[in-house]
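Everything on this sheet refers to the single structure shown next.
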Amino acid sequence: MRFLRKFDGRTIEITTDREINSGGEARIYTVDSDPSLVAKIYRRAKPQTSSKLLTMVQNPPPDPTAAQGHASIAWPVDLLLSAADGTVAGYLMPYVVGAHPILDLYSPGERLEVCPLFSYQYLFRTAQNLAAVVHALHVRDYVIGDINESNILVLDTALVTVVDTDSFQVPDLDGGTVFHCPVGKPEFTPPELQGKPLDDVTRTPAHDRFGLAVLIFQLLMEGNHPFAGIFTGEDDPPPIEARISAGHYPYGSSEAPYRPAPFAPPIEILPAVLRTMFRRCFEDGRQDPRMRPHAAEWVKALKEAELDLAACGVNDQHLYGSHLDMCPWCRRAETLGGTDPFPSKLRVVSGRHKEPLPATTQSALPSSSAPSIRAAVAAMPPPAEEAPPTDRTGPWASTAAAALLQGLKPALGRLLVGGADRIRKLRGSPIDAPSHRITYVGRAASSGRSSSNAARSRLYLLLIALAITIAIVTIGLKYGGYVKRTWREWVYTIDFGRR
Amino acid sequence: MVSIDNKIDFANNPEPRCPCVLLLDTSMSMKGAPIDALNAGVQRFRDELIKDKLAARRVEVAVVSFNTHIDVLQPFVTANRFSAPVLSVQGFTSMGTAIERGLDLIQDRKNLYRMSGIAYYRPWMVMVTDGQPHGEGDHAIRSAAARIRKYEDEKRISFFAVGVQDASMDNLARISVRPPIMLQNLNFEDMFVWLSASMHLVSRAAVSEQPAVPVPNIFGAL
């Protein structure tokens, strides 16, 4: 097939064997003459789209990740005209190589197939990046409109690209109005637009915020839709969009006739801040769409929540909110007959990540060296009362001792506080490569170990250190004078060669 | 209680489901070219279905063959894990019993979805036959037809009857609420391509309305 680039003037040759994707509306092809681009060719001519595409090509928004060499928005680069009759046949856009549709990553089964090392932190980062792109568009008065599981692409570095941009709502700079977004998927459509014909609805960012929150929920809740759940009524369960219209969010405060989906992760794996934001969007947002969190709010909240992720002591691919006592992913693997949603690197490398974990897996007890130290400390006699220092020690010894103790006090204080449950936070460094090692201090997630035991053994260690320090200081005070004299005598014996 | 296999399936794939039952006549009269074409058609159905990522995960296929006996050759499975069973022929045509069996399969599946909090689209049932009920009591087909009418009225099923060769279209018109589809020249390919395209639309479209799927009356007409 031959096409003419409208603004560039060159002809583009597309062969059908270069097809990489197809949908009801169009087919996507790679372009031999330019590997950085793909061509979207409509199945049927769409004359109403041509002026929209024209405006879009002439007014591209700034790409938030242009400096990183990544296209966040698959914006039309040029129009493609049919070589036969010059009508608009499609358009060219940047090609994001190796990206997966977002649903391949939030769906646990698919994720195991295509990207098994995409951990919960990567899912968090994807959500954050998605919100960032949406924010960048909203700031420029673009509204995505048809935000859904199939038009967001994600790289294995968690970088996001929004595609199908030809269905965006775009300001019509000439007409003073907008080019509408005539499509939408019911599961992502906000209650105020449910059941309405979408051809001439002027959308607002508040509409997008609903679909954005649905995708973020799916990313963080293993692909479950926020409005999925067990219907407690008599008849056939209403479809998802009816539940959206009715505001029947199962995790809300109102009496929605739904129990949470039994095989979804428990909502408590999300920190309270995020749970509140979801409630604001799906419950409060029904009456007042302004209650829905803005994209920028999501970016900030997700960034902070990601810093609060901790790693499991059993499998370092298990990352979870530090507000939890136990690893939810270990537990989930148990309830699912050993199917690990985030298999360890070892299992992935050895190709066994799709197999269930063996039932006879070992389970650790708290470290057995801890009790013996504790026992030793308990058996130690308390430090003996020392005699007050004599004049022989001289003024410098007591000053040194006092200074030592002074110096120790704040350090001791910090250590004592830190003896309580403390986890060093995850550094939020940009993830450039899939094998990037996150440095963190994890904590043992085996259920036997409680944080107060750890704190107590730390306290005992500190007491021992203190006792030893006091012993040294006391010895120094007692024999300091002798050491001084012995040192002076030795110095005098050195022959300096002149008297 | 939900079995561990179903639990794992729903946890790994929480997408809403679109159940589709293929009710296939494997009576003696289908022997030879018809059953070969039908086998090829079901294979084509699977291949077309999985081309759409969403449909591959949302459509669940069950295959029930019927002759004198009813055989659930394939219990419900998601399209991406469905492989076409091989059909072989024998005996008479227990059509009414087969329809009831198909409807029961659907009802059980819906109960499972309900217990598991999985949303679902209106189930489809497509019956392919080359004759009329034979070898079962008359009441069987009548009660089956009544049940289909009831479910169609309540919008709880979409039932399509496809008549092959010497099938009595009048008879099928009495069973099916929608006009029966006539298949000529054993063109199962076209029919199954249409079915998979319809499944693609259903798995993307609004749950409450049936999408405007053009249903040809005749497939394979020259």
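Going residue by residue through segment A:74-89, is there one that turns out to be among the hydroxyl-bearing types (S, T, Y) and more than 28 Å from A:L346 (Cβ to Cβ)? The answer is yes; a qualifying residue exists. Please tell me if A:V299 is away from chain B (no Cβ under 14 Å), surrounded by fewer than 18 Cβ atoms within 10 Å (Cβ to Cβ) and within 17 Å of A:F217 (Cα to Cα). No, not satisfied. All of (1) within 31 Å of the chain's Cα centre (by Cα); (2) more than 30 Å from B:A11 (Cα to Cα) hold for A:Y91 with one exception: (1). Within segment B:4-33, residues that are within 21 Å of B:R156 (Cβ to Cβ) reach partners that are basic (K, R) and open to solvent by 20 Å² or more (accessible area, probe 1.4 Å) with beta carbons closer than 6 Å, at six or more positions or on different chains, in the pairs B:P19/B:R109.
Restricting A:A261, A:A305 to those that are touching a residue at least 24 places away in the same chain (Cβ under 8 Å), within 14 Å of another protein chain (Cβ to nearest Cβ) and farther than 16 Å from A:V134 by Cβ reduces the list to A:A261. Give the residue that is farthest from the other protein chains (Cβ to nearest Cβ), with candidates limited to residues of segment A:236-255 that are touching a His at 6+ places or on another chain (Cβ under 9 Å) and aliphatic (A, V, I, L, M). Selected residue: A:A242. Taken together, A:G195, A:G233, A:G223 contain a single residue that is touching a Leu at 6+ places or on another chain (Cβ under 8 Å) and of a type in the set (G, A, S), which is A:G223. The number of residues in segment B:34-45 that are surrounded by fewer than 18 Cβ atoms within 10 Å (Cβ to Cβ) and without any contact (Cβ under 8 Å) to a residue 60 or more places away in the chain comes to 3. A single member of B:N13, B:N39 is within 14 Å of chain A (Cβ to nearest Cβ) and of a type outside the set (D, E, K, R), and it is B:N13.
The set of residues in segment A:319-356 that are within 14 Å of chain B (Cβ to nearest Cβ), within 22 Å of A:R125 (Cβ to Cβ) and touching a Gly at 6+ places or on another chain (Cβ under 9 Å) contains only A:P328. Within segment A:215-235, restricting attention to residues that are more than 7 Å from chain B (Cβ to nearest Cβ) and without any contact (Cβ under 8 Å) to a residue 40 or more places away in the chain, the residue that is surrounded by the most Cβ atoms within 10 Å (Cβ to Cβ) is A:H225. Does A:S245 satisfy the condition of being in a loop (DSSP other than H, G, I, E, B) and among the polar types (S, T, N, Q)? Answer is no for this residue.
Can you tell me which of A:Y91, A:Y95, A:Y122, A:Y142 is open to solvent by less than 10 Å² (accessible area, probe 1.4 Å) and touching a residue at least 60 places away in the same chain (Cβ under 8 Å)? Before the answer, list the steps.
Numbers: A:Y95 fails: open to solvent by less than 10 Å² (accessible area, probe 1.4 Å); A:Y122 fails: open to solvent by less than 10 Å² (accessible area, probe 1.4 Å); A:Y142 fails: open to solvent by less than 10 Å² (accessible area, probe 1.4 Å).
Of A:Y91, A:Y95, A:Y122, A:Y142, the one residue that is open to solvent by less than 10 Å² (accessible area, probe 1.4 Å) and touching a residue at least 60 places away in the same chain (Cβ under 8 Å) is A:Y91.
Residues of segment B:1-33 that are of a type in the set (S, T, N, Q) and open to solvent by 50 Å² or more (accessible area, probe 1.4 Å): B:S3, B:S29.
Name the residue, out of B:T78, B:T97, that is within 14 Å of chain A (Cβ to nearest Cβ) and surrounded by 20 or more Cβ atoms within 10 Å (Cβ to Cβ).
B:T78
Considered as a group, the residues in segment B:103-129 that are open to solvent by less than 10 Å² (accessible area, probe 1.4 Å) and more than 14 Å from every other protein chain (Cβ to nearest Cβ) include one that is farthest from the chain's Cα centre (by Cα), and that residue is B:T129. Within segment A:327-350, the set of residues being open to solvent by 50 Å² or more (accessible area, probe 1.4 Å) and within 19 Å of the chain's Cα centre (by Cα) comprises just one member, A:K345. Based on what the data block shows, is A:H353 open to solvent by less than 10 Å² (accessible area, probe 1.4 Å) and under 20 Å from A:F118 (Cα atoms)? No; evaluated as a whole, the condition is false for this residue. Report whether or not B:S158 is small (G, A, S), out of contact with any helix residue (DSSP H, G or I) (no Cβ under 7 Å at 6 or more places or on another chain) and within 30 Å of A:R243 (Cβ to Cβ). In short, yes.
State which residue is nearest to the chain's Cα centre (by Cα) when the search covers only segment A:35-57 and only residues that are without any contact (Cβ under 8 Å) to a residue 40 or more places away in the chain and in a loop (DSSP other than H, G, I, E, B). That would be A:R43.
Condition test on B:V89, is it open to solvent by 10 Å² or more (accessible area, probe 1.4 Å), within 14 Å of another protein chain (Cβ to nearest Cβ) and outside any helix (DSSP H, G or I)?
no
Each row is one residue, and each column tells you yes or no for (1) of a type in the set (K, R); (2) in contact (Cβ under 8 Å) with a residue 60 or more places away in the chain.
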position: B:T93; (1), (2): no, yes
position: B:L112; (1), (2): no, yes
position: B:G135; (1), (2): no, yes
position: B:D138; (1), (2): no, no
position: B:I141; (1), (2): no, no
position: B:R147; (1), (2): yes, no
position: B:K150; (1), (2): yes, no
position: B:A173; (1), (2): no, no
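Filtering A:L80, A:L130, A:L103 for residues that are under 23 Å from the mean Cα position of the chain (by Cα), away from chain B (no Cβ under 14 Å) and buried (at least 19 other Cβ atoms within 10 Å of the Cβ) leaves a single hit, A:L130. Checking the structure you have, find out if any residue of segment A:22-29 is modelled with pLDDT of 90 or more, farther than 19 Å from A:C181 by Cα and more than 14 Å from chain B (Cβ to nearest Cβ). Within segment A:22-29 (the criterion being modelled with pLDDT of 90 or more, farther than 19 Å from A:C181 by Cα and more than 14 Å from chain B (Cβ to nearest Cβ)), the answer is yes, since at least one residue qualifies. B:A84 falls short on exactly one of the conditions (1) open to solvent by 10 Å² or more (accessible area, probe 1.4 Å); (2) more than 14 Å from chain A (Cβ to nearest Cβ); (3) of a type in the set (A, V, I, L, M, F, W, C); (4) outside any loop (DSSP other than H, G, I, E, B), and that condition is (4). Looking across segment A:161-183 at every residue that is touching a helix residue (DSSP H, G or I) at 6+ places or on another chain (Cβ under 7 Å) and not in a helix (DSSP H, G or I), the one that is surrounded by the fewest Cβ atoms within 10 Å (Cβ to Cβ) is identified as A:L173.
The values are calculated or read from the model by the stated rules, or taken from the named source; none is laboratory data. Computed from a predicted structure; not experimentally measured. All Cβ positions, glycine included, derive from the backbone under ideal geometry; neighbour counts span all protein chains shown. We work out accessible area using only protein heavy atoms, side chains counted, and drop any ligands, DNA or RNA first. Shrake-Rupley method; radii C 1.70, N 1.55, O 1.52, S 1.80 Å.
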